[in-house]
Amino acid sequence: MFEIIFGIFAAIFAFAFLAVGVMALVGGAQQKRRCSATAAGVVSRIHAEEQHRGKRRVTIFTPEFQFEADGHTYTMKSHFGSMKREFKEGQAVTIRFDPADPAAAYVADDVNNSSQGGIMCVCFGLLLAVGAVMLFT
């Protein structure tokens, strides 16, 4: 009985992880297709936020970027933070943006992007799915 219940939960979580992973990958591909123009950008600021993780205090560094397009200056804060500084203030970066909506942009040089998260979710979902199938056979 335990195997059946565990298998059902594993299948549900597998489906959820696969769905989230596929949505992240599709969204990232759509963003890359829309953001066809490039601009030289710069890291304008590093936001440092202290967080508590259990008994530890950690600092999360989140970069903010500036770039110019169509005579306007745009500022965007990364959606991803890191416990180590991936960027330095004043560092040059390449920005990819949507020519029809320059505010829709991302940093081409940023290794912390939705593709990594999407791939990890798909892989974990596949592992859960294999585990669920093995429990039912």
(1) assigned to a loop (DSSP other than H, G, I, E, B); (2) crowded, with 16+ Cβ neighbours inside 10 Å all hold for residue 125 apart from (1)
Conditions (1) part of a strand (DSSP E or B); (2) within 30 Å of residue 6 (Cα to Cα) -> residue 135 fails only (1)
Restrict the check to segment 75-87 and report whether at least one residue is in contact with a helix residue (DSSP H, G or I) (Cβ under 6 Å, 6 or more places away or on another chain) and farther than 30 Å from residue 126 by Cα.
-> no
Cβ pairs under 9 Å, 6+ apart or interchain, first in segment 16-44 and among the hydroxyl-bearing types (Ser, Thr, Tyr), second surrounded by 17 or more Cβ atoms within 10 Å (Cβ to Cβ), ordered by first then second residue, are 36/96; 36/97; 36/98; 38/95; 38/96; 38/97; 44/63; 44/65
Taking segment 50-66 as the search range and keeping residues that are in a strand (DSSP E or B) and farther than 24 Å from residue 117 by Cβ, which one is modelled with the highest pLDDT?
-> 66
For residue 60, indicate whether it is out of contact with any helix residue (DSSP H, G or I) (no Cβ under 9 Å at 6 or more places or on another chain), loosely packed, with under 12 Cβ neighbours inside 10 Å and of a type in the set (Val, Ile, Thr).
-> no
From the list 129, 108, which one is within 30 Å of residue 4 (Cβ to Cβ) and small (Gly, Ala, Ser)?
-> 129
Residue 75 vs. criteria exposed (fewer than 14 other Cβ atoms within 10 Å of the Cβ), over 16 Å from the mean Cα position of the chain (by Cα) and free of Cβ contacts under 8 Å to residues at least 24 places away in the same chain = no
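The values are calculated or read from the model by the stated rules, or taken from the named source; none is laboratory data. For clarity, every value in this text was computed on a predicted model and none was experimentally measured. Note that we place each Cβ from the backbone using ideal geometry, even for glycine, and neighbour counts take in every protein chain shown.
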